[in-house]
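Right, I'll just put the structure down here and ask away after.
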Amino acid sequence: MSTPVETDSNSPDYDAIVIGGGPAGSTVAALLAMKGRRVLVLEKSRHPRFHIGESLLPRNVPIFRKLGVFDQVREIGVEKKGADFSVPGAARHTVFDFARAIHPDEPSAFQVTRSEFDKILLDNARARGAEVRERSEVLDFRISSEHATVTVKNLDGDQKTEELAARYLIDASGRDTFISSKLGLKARDPRHNSAAVFNHFSGVPARDGEEAGNISIYWFEHGWFWMIPLDDDRMSVGMVSAPEYLKTRDGALDDFLVQSFKRCPNVDKRMARARPLDETRAAGNFSYRARRIFGDRYLMVGDAYAFIDPVFSSGVFIAMQSADYAADAVDTCLADPKKAARAMADYQRLVDRGISRFSWFIYRFMDPAMRFLFMNPSQRLGLQAAVISVLSGDVYGRTRLWPRLMLFRVMFSAVNLLNGLGLGVDKKIS
Ligand SMILES: Cc1cc2nc3c(=O)[nH]c(=O)nc-3n(C[C@H](O)[C@H](O)[C@H](O)COP(=O)(O)OP(=O)(O)OC[C@H]3O[C@@H](n4cnc5c(N)ncnc54)[C@H](O)[C@@H]3O)c2cc1C
């Protein structure tokens, strides 16, 4: 049914329209509906649908509880107790066990099949009172002093477009970056420009015992590989590398991925009996951030605002945590417009804080000094616990991490200096 646009009224039909029903959109919609707000989610696909990004963080868990989906996620998920890291040819891998974080109150996370996970979250938004329309693509938007109005196309049936209005527009369109692309706000990250190639495989052994659900990260000369154990003997395996390496491909994408395994003996060995289960996919144009996260009557959440390299499995958590903050910000704006400027500025600051904390590690991930420190984690002065806290997602100020992280930065600079002097600290890894 079409909703008329009330250009001269102060009360359009929705308090908020959310573009996109991924983790960010479903979370902000559910939380706003739980606050009694009238919310509409417009999602262009129909769930369940494939999505990459299967490894979650422990700090996701409190958000699952808040949404009331913890049991459902646990049912479809593989328990992830930590992350392990390896360098080529090393006889051992280093395990970062979430139970050793400074505040290990959530000592594990989950690996999930995103089609199932995203459907749980979207169905939950519906159950919490949000209106959800799938196969509904937002084509355009405009802002007036009182409203945000979107043009939506029904991708099924009549293919008709209609206009819908709300007091706030929330962009959760993921890497489509709907608003920031339309307004020219999107800036590629000059310090990080990678691409990924990935597939699901059977016949790949998991780690032993307690480590069976861990994500494995392997450095190699052109980037890094991930292995994420899913259910039913499925392993998500992907490679993230500099675009220059991807340009060396002269055959099919599947062959290129399999040939790339040979560049990292530890990966090659684990993939010896692997069989691909799906088509090999790629994602490029990696990291970006919009120049601002909000404007008059709109704000962005999750990948619609920023995308950082997935090496620490931070994407879904950042998406859902920013959605949690966004729900509070929009609720404040709706309740008391005089507080809107402050609420939006606080929202920007909170989201940027988490992104910056992960980014410091990401920018240096390929540096030999970082490899050395990850492969030889120091138990002294709580340094390892601080790094594990970051890897758990404790990046929004809950724990006072900065003194220990500053110390870690000093150690990083020292290892770099020694390497620069030719003392080769980074070679003493395996
Ligand atoms: C190679 C790779 C590996 C990754 N690995 C991990 C990982 O291991 N762990 C992790 O946490 N994260 C990972 N990520 C990141 C993760 O995928 C994202 O951060 C996460 O999905 C962001 O959620 P979102 O809701 O912001 O966006 P999305 O999940 O992308 O959802 C956006 C939704 O908006 C819809 N949409 C878009 N445009 C429109 C429109 N105009 N109208 C209507 N609907 C629209 C889309 O159909 C989609 O459903 C990875 C990413 C990549 C590229």
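A quick yes/no check of all residues on (1) assigned by TED's automatic domain parsing to the domain that holds residue 340; (2) over 22 Å from the mean Cα position of the chain (by Cα):
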| site | (1), (2) |
| --- | --- |
| 141 | yes, yes |
| 144 | yes, yes |
| 147 | yes, yes |
| 154 | yes, yes |
| 168 | yes, yes |
| 173 | yes, no |
| 181 | yes, no |
| 215 | no, no |
| 220 | no, yes |
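Hey, can you tell me all the residues within the range 191-242 that are in a strand (DSSP E or B), small (Gly, Ala, Ser) and under 21 Å from residue 255 (Cα atoms)?
Scanning the range 191-242 gives 195, 196, 202, 223, 236, 238, 241.
Here is a follow-up. Residue under question is residue 145, and the condition is that it be surrounded by fewer than 14 Cβ atoms within 10 Å (Cβ to Cβ) and of a type in the set (Ser, Thr, Tyr); does it hold?
yes
I've got another one for you. What are the residues in the range 301-317 that are of a type in the set (A, V, I, L, M) and within 8 Å of the ligand (Cβ to nearest atom), if any?
Once the filter is applied, which keeps residues that are of a type in the set (A, V, I, L, M) and within 8 Å of the ligand (Cβ to nearest atom), the range 301-317 yields 301, 304, 316.
Still on this structure, I have one more. Restricting to the range 103-130, give me the number of residues that are among the polar types (S, T, N, Q) and either in a helix (DSSP H, G or I) or farther than 23 Å from residue 312 by Cβ (or both).
Of the residues in that region, 2 qualify.
So for the range 11-21 (the condition being in a loop (DSSP other than H, G, I, E, B) and modelled with pLDDT of 95 or more), does at least one residue qualify?
yes
Criterion first (crowded, with 21+ Cβ neighbours inside 10 Å and in contact with a strand residue (DSSP E or B) (Cβ under 6 Å, 6 or more places away or on another chain)) does residue 203 satisfy it?
Taking the combined requirement at face value, the residue does not satisfy it.
Please find, within the range 30-73, the residue that is surrounded by the most Cβ atoms within 10 Å (Cβ to Cβ) out of those that are near the ligand (Cβ under 9 Å from one of its atoms) and β-branched (Val, Ile, Thr).
So the residue we want is 41.
A further question follows. Give 378, 413 a once-over and let me know the one that is farther than 24 Å from residue 59 by Cα, outside the structural domain of residue 324 (by TED's automatic domain parsing), hydroxyl-bearing (Ser, Thr, Tyr) and out of contact with any Leu (no Cβ under 8 Å at 6 or more places or on another chain).
The unique qualifying residue is 413.
Tell me, please, whether a residue that is among the β-branched types (Val, Ile, Thr) and over 24 Å from residue 309 (Cα atoms) can be found in the range 165-180.
So far as the range 165-180 goes, no, none of its residues is among the β-branched types (Val, Ile, Thr) and over 24 Å from residue 309 (Cα atoms).
Please note which helices (runs of 4 or more DSSP H) are completely contained in the range 336-430 and include at least 2 residues that are farther than 23 Å from residue 310 by Cβ.
Those helices (runs of 4 or more DSSP H) span 340-363, 383-392, 402-420.
Tally the residues that are in a loop (DSSP other than H, G, I, E, B) and among the hydrophobic types (A, V, I, L, M, F, W, C), restricting the search to the range 165-190.
3
Another question about this same structure. Select from the range 327-342 the residues that are within 14 Å of residue 168 (Cα to Cα) and either out of contact with any strand residue (DSSP E or B) (no Cβ under 8 Å at 6 or more places or on another chain) or within 11 Å of the ligand (Cβ to nearest atom) (or both) and list them in ascending order.
327, 328, 331, 332, 335, 336, 337, 340, 341 - these are the residues of the range 327-342 that are within 14 Å of residue 168 (Cα to Cα) and either out of contact with any strand residue (DSSP E or B) (no Cβ under 8 Å at 6 or more places or on another chain) or within 11 Å of the ligand (Cβ to nearest atom) (or both).
The values are calculated or read from the model by the stated rules, or taken from the named source; none is laboratory data. Given the structure is predicted, the values throughout are model-derived calculations rather than measurements. As a convention, Cβ positions derive from the backbone with ideal geometry for all residues, glycine included, and neighbour counts pool all protein chains shown.
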